[in-house]
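What follows is a set of notes on a single structure, which appears directly below.
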Amino acid sequence: MMNRLLLDLQPSYVAGEVRRIAKKWWRRLRRVEGRVVTLEPKGDVRGRALFSYILDPFLVAGDNGDDLPYSHTHFWESWTLARTLVDLGYRVDAVSWTNQAFVPTEPYDLVIDVRSSLERWDGVLPPETLRVLHIDTGHHTFHNPAQVARLEDLARRRRVQVRPQKMLPKNLAMETAHCATVLGNRFTQGTYAFARKPLLHIPISVPFTYPWPDGKDFEAARRRFLWFGSGGLVHKGLDLVLEAFAGMPEMHLTVCGPIRAERDFERVYFQELYRTPNIHTHGWIDVDSEAFRRLGRETLGLVYPSCSEGGGSSVLTCMHGSIVPMVTFETSVDIDPSYGVLLRDARIETLRDGVRALAERPATELEGMARAGWEHARRHHTKETFAAGA
């Protein structure tokens, strides 16, 4: 208890909590959840579109979207999708996907939604309205059971329960849609294949790209690994990674993510997170910081055994940073042996075997893998490729 209190009193944590709370209340004061923002085309109006995704970008962005938050790719991607519709001649009404009070009153030609509003609006939209689901997660019939299985496995190993995070509500959005856009690869697409609807793949973007780190010492980096992700720590396999590295004192792990936000997880893994010599818990990291670029120069691989993703942007960000990915199929990132390791499963022993085997490869081979992954990410996953796909 005292150790956790000391962590809570650290200036960096206190400052972060103040910023988080202030941002939350400022958002409430602006009534983001209940607003409708209309975007007008410059020329003739081709039609009316309703766009339900992340509304915040349309309240803060300039003409080029350069001042958007970059803590998640969905801010820039939401802005870009809507601006693409405007450029095509649509008058766009943008609302937050969490706005449960909004009901369409206009005869929209096109409706795009990211989660479950298509089902809710189905009865009020004209039959001729084109309904498009924008997919950024695995289908709930896969996503939710996959996380439950991970939680049950943790409970068997540690004899303690950890609360679920970011579970998806049951919905008929895919059944209601005429077609869908999807960020993830064949894994994510496969979870929606039951509906037999057209799926248009748009390659997920990353907030930043980085130059190749000339002079990176792969011999020195070979035993240094990273876990880098957002909320849903069990879902994204951090518990498995911590237990794997706790049993490999010769390897080093840096943990970057919102650990303090999931207190029950932090309590269960306090020993591994803060008292294990070969594990360093950084917490949330700014991907536009020197600290992240330094991690790229000093780290060999990312270990990320998620159980369900809609596109794995954290993996791709690391690939842009010259870090070799070691991931599960469910991470929804295309992995070729020339630049990464696709884990056959997420068992702790599998993680250990994979980490040790990768670390034992010649430094020249490791550099070649990192370079090939960096080139793949720059070819397929940038803001430019996303905009072209949109």
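All conditions in (1) touching a residue at least 12 places away in the same chain (Cβ under 8 Å); (2) under 21 Å from the mean Cα position of the chain (by Cα) hold for residue 175, with the sole exception of (2). Of note, residue 168 satisfies the criterion of being open to solvent by less than 40 Å² (accessible area, probe 1.4 Å), over 30 Å from residue 356 (Cβ atoms) and not in a helix (DSSP H, G or I).
Across the stretch 42-58, what is the total count of residues that are assigned to a strand (DSSP E or B) and among the basic types (Lys, Arg)? Steps first, answer last, please.
Of the stretch 42-58, the ones assigned to a strand (DSSP E or B) are 47-53.
Next, only the ones that are among the basic types (Lys, Arg) stay: 48.
Counting residues in the stretch 42-58 that are assigned to a strand (DSSP E or B) and among the basic types (Lys, Arg) gives 1.
Answer with yes or no whether residue 333 is in a loop (DSSP other than H, G, I, E, B) and either at negative phi or surrounded by 24 or more Cβ atoms within 10 Å (Cβ to Cβ) (or both). The answer is yes for residue 333. On the stretch given as the stretch 277-291, residues that are open to solvent by less than 20 Å² (accessible area, probe 1.4 Å) and farther than 13 Å from residue 229 by Cα total 2. Scan the stretch 214-239 for residues that are open to solvent by 20 Å² or more (accessible area, probe 1.4 Å) and of a type outside the set (Lys, Arg) and the total you get is 7. Contact annotation: residue pairs with Cβ atoms under 6 Å, 6 or more positions apart or on different chains, pairing a residue in the stretch 102-113 that is over 17 Å from residue 133 (Cα atoms) with a partner that is open to solvent by less than 70 Å² (accessible area, probe 1.4 Å) and assigned to a loop (DSSP other than H, G, I, E, B), are 107/126. Pairing residues of the stretch 215-239 that are among the hydroxyl-bearing types (Ser, Thr, Tyr) with residues that are not in a loop (DSSP other than H, G, I, E, B), at Cβ distances under 8 Å and at least 6 apart in sequence or on separate chains, gives 230/314.
Examine the stretch 356-364 for a residue that is touching a residue at least 60 places away in the same chain (Cβ under 8 Å) and crowded, with 24+ Cβ neighbours inside 10 Å, and state whether such a residue exists. No, the stretch 356-364 contains no residue that is touching a residue at least 60 places away in the same chain (Cβ under 8 Å) and crowded, with 24+ Cβ neighbours inside 10 Å. Report whether or not residue 302 is surrounded by 19 or more Cβ atoms within 10 Å (Cβ to Cβ), at pLDDT 95 or above, of a type outside the set (Ser, Thr, Tyr) and not in a helix (DSSP H, G or I). Judged against the criteria, residue 302 is a match. Looking only at the stretch 240-276, residues that are charged (D, E, K, R), out of contact with any Leu (no Cβ under 7 Å at 6 or more places or on another chain), within 25 Å of residue 147 (Cβ to Cβ) and open to solvent by 10 Å² or more (accessible area, probe 1.4 Å) come to 4 in all. Inspection of the stretch 337-350 identifies at least one residue that is in contact with a Gly (Cβ under 7 Å, 6 or more places away or on another chain), of a type in the set (Gly, Ala, Ser) and within 23 Å of residue 154 (Cβ to Cβ).
The values are calculated or read from the model by the stated rules, or taken from the named source; none is laboratory data. Being a predicted model, the structure only gives us computed values, none of them experimental. Note: ideal-geometry Cβ built from the backbone for every residue, glycine included; neighbour counts use all protein chains shown. Calculation scope for accessible area: heavy atoms of the full protein, side chains included, ligands and nucleic acids excluded. Shrake-Rupley method; radii C 1.70, N 1.55, O 1.52, S 1.80 Å.
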